[in-house]
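Enquirer: Mind having a look at this structure? Questions to follow.
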């Protein structure tokens, strides 16, 4: 098997597609090494294993709304697209979505995936409880009152296999989407937080060359005032794709046309299911207050960066309290890089980019390409040592470990020991 982008071939010795949680429990209990796979939208080996892969897409597809609790219970393999359509039919929504609605709920949350908005936390913030199969095969349910909850929600798969989640919902809401073009860099750097706060969700698309940012995507609530222009940027007269010259057919509706939250928050429409994406991705998260200086540092590398890049997206995310979340106790800006499928060249350049962002305390996205050896994770994450201790206590044999986790957490005990 390969991942979504096709840049990674998984190394598991066996692949299982259980149809019940009890089967998952049995597989985990009998495995020496085991990891779950969702939509395979990671670009590194965070979900790889030398042992058994468990695919979650054959589990019963539960989407059960509780109006009393204002929550929805879902199975881990459910995609956000399927979840959103189901709860919208009943008049409900979740607070935010990532760029693609095709990713699985459990996988996205475990790796700290997010949408955008200075007041919008990552997707993990919606979690009220989660069902986890531990290394012993025991199924446990953790709630917000559980002392291990904050360590497990964004858990990188190290705390067990997430088979179900309960998410907070809110009443359905309307949105509009508008794309502005030609935002001058000097205005973007001077007024970054103001511009990033100008709508419910704001994304900047650039390759860091030139004097202006080519596109700014504004996703506004139905009650927010439409902005005809913004600090020198002007409204696009036709729908745009983030990549210049690409058709906007598979993008969500723009031009301020009213619609529902699930049809505006992602950048891409659910009915256009993506095949293998011929791209690579990296993302680095740092304090929002450092955005102007960090963007200037990246712009200084534009001559080296731009030939490798399809596009970079800049977004903001509110702070949360999950121990290994890149947004832990930090109002954040995320610099996302969608690379051309030139893995050797990208990996050769990445350390230079990463070092340029280190002075700002940059934290890498767990599911994308980065260089683990460059990071002092204990310094970046105040609860890192607590997380490592919990992993060792819950998985003393290292069943859920792999090379990437070992490089982050330190080498685990040999399998079966």
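The values are calculated or read from the model by the stated rules, or taken from the named source; none is laboratory data. The structure displayed is predicted, hence computed values, not measured ones. All Cβ positions, even for glycine, are placed from backbone atoms using ideal geometry, and neighbour counts span all protein chains on display.
Enquirer: Given the criterion modelled with pLDDT of 90 or more and either touching a helix residue (DSSP H, G or I) at 6+ places or on another chain (Cβ under 8 Å) or buried (at least 19 other Cβ atoms within 10 Å of the Cβ) (or both), identify the matching residue among 258, 237, 266. Please lay out each step first, then the result.
Expert: On the way: 258 fails: either touching a helix residue (DSSP H, G or I) at 6+ places or on another chain (Cβ under 8 Å) or buried (at least 19 other Cβ atoms within 10 Å of the Cβ) (or both); 237 fails: either touching a helix residue (DSSP H, G or I) at 6+ places or on another chain (Cβ under 8 Å) or buried (at least 19 other Cβ atoms within 10 Å of the Cβ) (or both).
Sole residue among the options that is modelled with pLDDT of 90 or more and either touching a helix residue (DSSP H, G or I) at 6+ places or on another chain (Cβ under 8 Å) or buried (at least 19 other Cβ atoms within 10 Å of the Cβ) (or both): 266.
Enquirer: Kindly establish whether residue 359 is part of a loop (DSSP other than H, G, I, E, B) and surrounded by fewer than 18 Cβ atoms within 10 Å (Cβ to Cβ). Break it down into steps so the answer makes sense when it comes.
Expert: Numbers: part of a loop (DSSP other than H, G, I, E, B): no; surrounded by fewer than 18 Cβ atoms within 10 Å (Cβ to Cβ): yes.
Taking the combined requirement at face value, the residue does not satisfy it.
Enquirer: Considering each residue of the stretch 249-271, count those that are touching a residue at least 12 places away in the same chain (Cβ under 8 Å), assigned to a loop (DSSP other than H, G, I, E, B) and under 20 Å from residue 96 (Cα atoms), and give that number.
Expert: Total meeting the criteria: 13.
Enquirer: Then there is this: If we keep just the residues of the stretch 296-325 that are assigned to a loop (DSSP other than H, G, I, E, B) and touching a helix residue (DSSP H, G or I) at 6+ places or on another chain (Cβ under 9 Å), which is nearest to residue 199 (Cα to Cα)? Before you say what the answer is, go through the steps one by one.
Expert: Taking the stretch 296-325 and keeping what is assigned to a loop (DSSP other than H, G, I, E, B), we get 300-301, 318-319, 321-325.
Now drop any that are not touching a helix residue (DSSP H, G or I) at 6+ places or on another chain (Cβ under 9 Å), which leaves 300-301, 318, 321-325.
On the way: 300: 29, 301: 29, 318: 14, 321: 24, 322: 26, 323: 28, 324: 28, 325: 24 Å.
Checked the stretch 296-325; the qualifying residue nearest to residue 199 (Cα to Cα) is 318.
Enquirer: Identify, from the list 150, 188, the residue that is crowded, with 21+ Cβ neighbours inside 10 Å, outside the structural domain of residue 353 (by TED's automatic domain parsing) and modelled with pLDDT of 95 or more.
Expert: The unique qualifying residue is 150.
Enquirer: Here's a follow-up. Given the criterion over 24 Å from residue 280 (Cβ atoms), buried (at least 18 other Cβ atoms within 10 Å of the Cβ), assigned by TED's automatic domain parsing to the domain that holds residue 143 and in contact (Cβ under 8 Å) with a residue 60 or more places away in the chain, identify the matching residue among 28, 24, 34, 72.
Expert: Numbers: 28 fails: assigned by TED's automatic domain parsing to the domain that holds residue 143; 24 fails: assigned by TED's automatic domain parsing to the domain that holds residue 143; 34 fails: assigned by TED's automatic domain parsing to the domain that holds residue 143.
None of the others qualify; the one that does is 72.
Enquirer: Next question, about the same structure. With 242, 237 as the choices, which residue is in the same structural domain as residue 297 (by TED's automatic domain parsing), within 18 Å of residue 98 (Cβ to Cβ) and either in a loop (DSSP other than H, G, I, E, B) or without any contact (Cβ under 8 Å) to a residue 12 or more places away in the chain (or both)?
Expert: Numbers: 237 fails: within 18 Å of residue 98 (Cβ to Cβ).
The conditions single out 242.
Enquirer: Given the conditions (1) outside the structural domain of residue 347 (by TED's automatic domain parsing); (2) surrounded by 19 or more Cβ atoms within 10 Å (Cβ to Cβ); (3) assigned to a loop (DSSP other than H, G, I, E, B), which single one is not true for residue 382?
Expert: (2)
Enquirer: Check residue 95 against each of (1) in a loop (DSSP other than H, G, I, E, B); (2) surrounded by fewer than 20 Cβ atoms within 10 Å (Cβ to Cβ); (3) modelled with pLDDT of 95 or more and name the one condition it does not meet.
Expert: (2)
Enquirer: Next question, about the same structure. Somewhere in the stretch 270-285, is a residue surrounded by fewer than 17 Cβ atoms within 10 Å (Cβ to Cβ), modelled with pLDDT under 95, in contact with a strand residue (DSSP E or B) (Cβ under 8 Å, 6 or more places away or on another chain) and over 30 Å from residue 409 (Cα atoms)?
Expert: There is at least one residue in the stretch 270-285 that is surrounded by fewer than 17 Cβ atoms within 10 Å (Cβ to Cβ), modelled with pLDDT under 95, in contact with a strand residue (DSSP E or B) (Cβ under 8 Å, 6 or more places away or on another chain) and over 30 Å from residue 409 (Cα atoms).
Enquirer: For the stretch 118-131, how many residues meet the condition of being buried (at least 23 other Cβ atoms within 10 Å of the Cβ) and assigned to a strand (DSSP E or B)? Outline the logic, then answer.
Expert: Within the stretch 118-131, the subset buried (at least 23 other Cβ atoms within 10 Å of the Cβ) is 122-125, 127, 130.
Those left that are additionally assigned to a strand (DSSP E or B): 127, 130.
Residues meeting the conditions: 2.
Enquirer: Continuing with this model, one more query. Determine the pairs where a residue that is outside the structural domain of residue 146 (by TED's automatic domain parsing), located within the stretch 108-132, has a partner that is part of a loop (DSSP other than H, G, I, E, B) with Cβ atoms under 6 Å apart, the partner being 6 or more residues away or on another chain.
Expert: none
Enquirer: Answer with yes or no whether residue 408 is buried (at least 19 other Cβ atoms within 10 Å of the Cβ), in the same structural domain as residue 285 (by TED's automatic domain parsing) and either at pLDDT below 95 or under 19 Å from residue 111 (Cβ atoms) (or both). It would help to see each step written out before you state the result.
Expert: Values: buried (at least 19 other Cβ atoms within 10 Å of the Cβ): yes; in the same structural domain as residue 285 (by TED's automatic domain parsing): no; either at pLDDT below 95 or under 19 Å from residue 111 (Cβ atoms) (or both): yes.
Judged against the criteria, residue 408 is not a match.
Enquirer: Say we look at the stretch 199-230 and pick out the residues that are touching a helix residue (DSSP H, G or I) at 6+ places or on another chain (Cβ under 7 Å) and exposed (fewer than 15 other Cβ atoms within 10 Å of the Cβ); which of these is nearest to residue 298 (Cα to Cα)?
Expert: Among residues in the stretch 199-230 that are touching a helix residue (DSSP H, G or I) at 6+ places or on another chain (Cβ under 7 Å) and exposed (fewer than 15 other Cβ atoms within 10 Å of the Cβ), the one nearest to residue 298 (Cα to Cα) is 209.
Enquirer: Which count do you get for residues in the stretch 352-373 that are under 21 Å from the mean Cα position of the chain (by Cα) and either over 26 Å from residue 148 (Cα atoms) or modelled with pLDDT under 95 (or both)?
Expert: Just the residues of the stretch 352-373 that are under 21 Å from the mean Cα position of the chain (by Cα), to begin with: 353-354, 357-358, 360-372.
Narrowing further to those that are either over 26 Å from residue 148 (Cα atoms) or modelled with pLDDT under 95 (or both): 353-354, 357-358, 360, 369-371.
Residues meeting the conditions: 8.
Enquirer: Continuing with this model, one more query. Could you say whether any residue in the stretch 181-198 is over 23 Å from residue 290 (Cα atoms) and either out of contact with any helix residue (DSSP H, G or I) (no Cβ under 6 Å at 6 or more places or on another chain) or without any contact (Cβ under 8 Å) to a residue 60 or more places away in the chain (or both)? Walk me through how you get there before you give the answer.
Expert: Here is the first cut: in the stretch 181-198, the ones over 23 Å from residue 290 (Cα atoms) are 181.
Checking the rest, the ones that are also either out of contact with any helix residue (DSSP H, G or I) (no Cβ under 6 Å at 6 or more places or on another chain) or without any contact (Cβ under 8 Å) to a residue 60 or more places away in the chain (or both) come to 181.
Looking for residues that are over 23 Å from residue 290 (Cα atoms) and either out of contact with any helix residue (DSSP H, G or I) (no Cβ under 6 Å at 6 or more places or on another chain) or without any contact (Cβ under 8 Å) to a residue 60 or more places away in the chain (or both), one finds at least one in the stretch 181-198, hence yes.
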